[in-house]
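Here's the structure we're looking at; comments come further down.
The values are calculated or read from the model by the stated rules, or taken from the named source; none is laboratory data. Note that the coordinates shown come from a computational prediction; the quantities given were computed from them, not determined experimentally. With ideal geometry, Cβ positions are generated from the backbone for all residues, glycine too; neighbour counts draw on all protein chains shown. The protein model used for the area step is the full one, side chains on, heavy atoms only, and it has no ligands, DNA or RNA in it. Shrake-Rupley method; radii C 1.70, N 1.55, O 1.52, S 1.80 Å.
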Amino acid sequence: MFEAKKLPTVLTAKELLDKAFGRASKVTGRTKKEKTINKLSTVSNVLRDYFNKIIKSHPSYDNLPEFYKEMIDITVGLRKIKKALAALDWANSMTQRIITRSIREVKAGKNPEQVLKATYGRIASIIEQIDPELRFLNDLKKVLREIPSLTDDPTLVVAGYPNVGKSSFVAKISTVKPEIASYPFTTKRIYVGYTELDGIKIQVIDTPGLLDRPIHKRNEIEKRAILCLKHLANCILFIIDPTETCGFPIESQLSLLEEIKENFDVPIVAAYSKADMHNKRELPAFSSVTGEGIDELLKIIKEKIGIDKNR
Ligand SMILES: Nc1nc2c(ncn2[C@@H]2O[C@H](COP(=O)(O)OP(=O)(O)OP(=O)(O)O)[C@@H](O)[C@H]2O)c(=O)[nH]1
Ligand SMILES: [Mg+2]
């Protein structure tokens with residue numbers, strides 16, 4: 001699985017030049033000519049190793065799971081990342097070509113000091129040209145780190161209006177304390193819990209702010225974020241609070257359910273929450289307070305997730 005944590009910090013143009021020229025300044029040689037050649041080789045090695053390290057540290061974005069691809073695209077743009085990496089690749093081959101040519105000139109008898117000065121100047125100008133890309137790649141690391149790390153386990157997405165009892169349900173069924181991550185592009189948080197059904201690990205995701213209001217009223221970014229749950233969900237649990245203590249009439253809750261049905265083609269299980277407060281049983285009803293109905297609900301979910309496991 002892709003781990004943004006493993007991406008290295010990216011130096012700015014100035015820092016990278018300081019690193020390369022600094023290393024070269026410590027190099028010696030028996031003659032001026034030899035010393036210059038050694039310095040140029042050092043700069044060449046430092047830059048080549050550096051660029052290769054950064055470029056290799058990135059995954060093949062096209063091959064990432066759809067969820068991540070979509071998340072990254074919404075957040076920073078895949079094209080922008082590819083362009084930045086291509087710029088580094090360009091700077092890498094340009095600087096290598098310049099240094100190779102300069103070494104040849106020194107070997108052929110050109111004034112070593114003049115060649116070194118001119119070469120440093122040209123290298124600096126190339127590296128400075130890609131300063132925005134270097135900075136972008138460094139910021140990217142911070143942004144990508146915020147994307148929730150999810151597993152490939154069968155996934156249940158929990159939906160429903162605010163206060164219907166989504167988080168209580170996730171907390172109730174989780175064998176470990178749910179992890180909290182945030183979507184990088186909003187202040188919205190995502191809660192990821194795990195439970196086990198007959199030995200199968202199930203990832204349970206609570207997405208406050210996403211599937212808790214009419215989709216058609218959302219802005220474009222939110223719509224894309226909602227749709228990106230498509231790549232993730234094997235099943236959606238839609239929680240309805242028939243007591244309306246959540247503050248939303250049951251009609252609104254049902255029409256959101258309809259909308260989610262139209263937008264997602266995964267199995268959807270609708271259930272009543274807060275079963276300790278009412279006697280409605282047209283749908284599976286559960287209580288996160290008393291635990292009533294939870295096992296039965298999980299059984300239904302397990303069957304539904306099982307149907308769609310081969311994605
Ligand atoms: N009596 C009773 N109260 C519940 C139950 N589940 C949740 N609640 C209460 O309902 C309120 C909302 O529960 P949450 O789990 O935070 O609801 P939520 O859907 O996650 O809400 P948002 O995160 O705001 O969307 C809280 O005050 C809970 O204590 C239940 O099974 N029975
Ligand atoms: Mg919640």
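A full extension of the chain between K201 and K261 corresponds to an added length of 19.1 nm, given 0.36 nm per residue minus the alpha carbon distance. The string of couplings for the stretch 165-176 from the Karplus curve (6.51, -1.76, 1.60, θ = phi - 60°) is x, 5, 5, 4, 5, 4, 5, 5, 8, 6, 7, 10 Hz, one whole number per residue in order, with x for Gly and Pro.
For the chain, adding -39500 (n - 2.57) for each run of n ≥ 4 DSSP H residues and dividing by the number of residues yields -16500 deg cm²/dmol at 222 nm. Per residue, the chain exposes an accessible area of 50 Å² to a 1.4 Å probe, with every protein chain left in place. Distant-in-sequence amide contacts of I268, defined by a placed amide H-H separation under 5 Å and a gap of 5 or more residues or a different chain, comprise I236. Cross-linked pairs K26/K117; K26/K110; K26/K56; K141/K223; K82/K230; K56/K83: Cα-Cα separations exceed 19 Å for K26/K110; K26/K56; K141/K223; K82/K230. Per-residue packing, averaged as other Cβ atoms within 10 Å, sorts the ranges 266-273, 125-132 into the order 266-273, 125-132, beginning with the highest. Mark the label point 7 Å from the Cα of R101 along Cα→Cβ and return the residues of the stretch 109-129 whose backbone N is within less than 12 Å of it. Those under the cut-off are 119, 122-123. Element breakdown for the stretch 155-307 at a 1.4 angstrom probe: carbon and sulfur atoms account for 51% of the accessible area.
Label sites at E296 and K230, each approximated as a point 7 angstrom past Cα along Cα to Cβ, lie 3.4 nm apart. Ordering T75, V106, L88 by the projection of their Cα atoms onto the charge dipole of the stretch 55-135, which places +1 on the Cβ of Lys and Arg and -1 on the Cβ of Asp and Glu, puts V106 at the extreme positive end.
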